[in-house]
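Peer 1: The structure that follows is given in the form of structure tokens.
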Amino acid sequence: MSEKQAKILYLDGDLEVLEFGDYVPCAVSGRFIHLSQLKYWSVDRQEAYFSAIEAQQAENGVN
């Protein structure tokens with residue numbers, strides 16, 4: 001069984017699945033984030049982050 005990347009619209013405190021899939025990539029590390037584990041994202045940049053560390057790195061402009 002292969003996994004498929006989802007397409008997500010990141011909203012304030014919520015998200016909308018535009019195309020169903022199993023994961024999204026972290027914008028900083030590239031690690032796969034299963035949708036059930038997705039907790040960190042940027043509405044302004046429309047990016048997902050694996051953890052608070054990557055979210056802070058993105059906020060600080062560190063990639």
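Peer 1: Read phi for every residue in segment 13-28 and hand back ³J(HN,Hα) as whole Hz from Karplus 6.51 cos²θ - 1.76 cosθ + 1.60, θ = phi - 60°, with x for Gly and Pro.
Peer 2: My calculation for segment 13-28 gives x, 7, 9, 10, 7, 8, 9, 5, x, 9, 8, 10, x, 5, 5, 9 Hz in order.
Peer 1: So, one more: Among 23, 56, 10, whose Cα lies farthest out toward the positive end of the dipole of the chain, if unit charges sit on the beta carbon of Lys, Arg (+1) and Asp, Glu (-1)?
Peer 2: Farthest towards the positive end: 23.
Peer 1: If amide hydrogens are placed 1.01 Å from N in the peptide plane, which non-local residues have theirs closer than 5 Å to the one on residue 22?
Peer 2: Close amide H contacts, sequence-distant or interchain: 4, 5, 6.
Peer 1: Also, quick follow-up: Label 7 Å along Cα→Cβ of residue 19; segment 27-63 residues with amide nitrogen under 18 Å?
Peer 2: Residues 27, 32-35, 46-48 qualify, since their backbone N sits under 18 Å from the label point.
Peer 1: Given the alpha-carbon gyration tensor of the chain, what are the semi-axes of its equivalent ellipsoid in whole angstrom, ordered largest first, with each equal to the square root of 5 times an eigenvalue?
Peer 2: Numbers: eigenvalues 73, 37, 15 Å².
Here the semi-axes work out to 19, 14, 9 Å.
Peer 1: Using Cα pairs closer than 8 Å and at least 6 residues apart in sequence, work out the relative contact order for the chain, in percent.
Peer 2: On the way: 102 pairs, mean separation 16.0, N = 63.
Normalised by residue count, the contact order of the chain is 25 percent.
Peer 1: Suppose every K and R has +1 on its Cβ and every D and E has -1 on its Cβ; what is the size of the dipole of the chain about the Cα centre, in Debye to the nearest 20?
Peer 2: That gives a dipole near 200 debye.
Rule-based calculations on the coordinates, nothing more; no lab input. Bear in mind the structure is a predicted one, so any value in this text is a computation, not a measurement. Counting neighbours? That spans all protein chains shown, and the Cβs are built from the backbone with ideal geometry, glycine included.
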